[in-house]
Amino acid sequence: MRTRPGICQRKKRFANEEEALRVAERAPFPLRPYRCELCGDFHLTGRTKRMKLPAFEIVRRRDATAARREDAET
Ligand SMILES: [Zn+2]
């Protein structure tokens, strides 16, 4: 994913994906960690469209629709 220098400097940095995921998990909206090409650390992005969702977000969405969908994919 392309990152502009300005965005990189403004954004929070995480040394590893686990740390970024912990923060993303507590956010009230979907966030996804990605590795920044500029600094090599992880940032979070709210743009989750057309991206692979983090595991906890997949579980969250599956749980939300589990009541109606018995055959939720694993
Ligand atoms: Zn960066």
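The values are calculated or read from the model by the stated rules, or taken from the named source; none is laboratory data. Quick caveat, the model's predicted, so the values are computed rather than measured. Neighbour counts are summed over all protein chains in view; Cβ atoms, including those assigned to glycine, are modelled from backbone coordinates with ideal geometry. The protein model used for the area step is the full one, side chains on, heavy atoms only, and it has no ligands, DNA or RNA in it. Shrake-Rupley method; radii C 1.70, N 1.55, O 1.52, S 1.80 Å.
Annotations for the structure displayed:
- Electrostatic dipole magnitude of the range 5-65 [Cβ: Lys, Arg +1; Asp, Glu -1; Cα centre; debye, to 20]: 320 debye
- The residues neighbouring Ala20, those whose beta-carbon lies less than 12 Å from its own, together hold a net charge of +2 under the Lys/Arg +1, Asp/Glu -1 convention.
- For the range 5-65, with all protein chains in place and a probe radius of 1.4 Å, 51% of the accessible heavy-atom surface sits on carbon or sulfur.
- Where N is the number of residues in the range 5-65, Cα Rg divided by 2.2 N^0.38 Å: 1.14
- Taken along the Cα-to-beta-carbon direction at a fixed 7 Å, the label points for Val23 and Arg60 span 1.5 nm.
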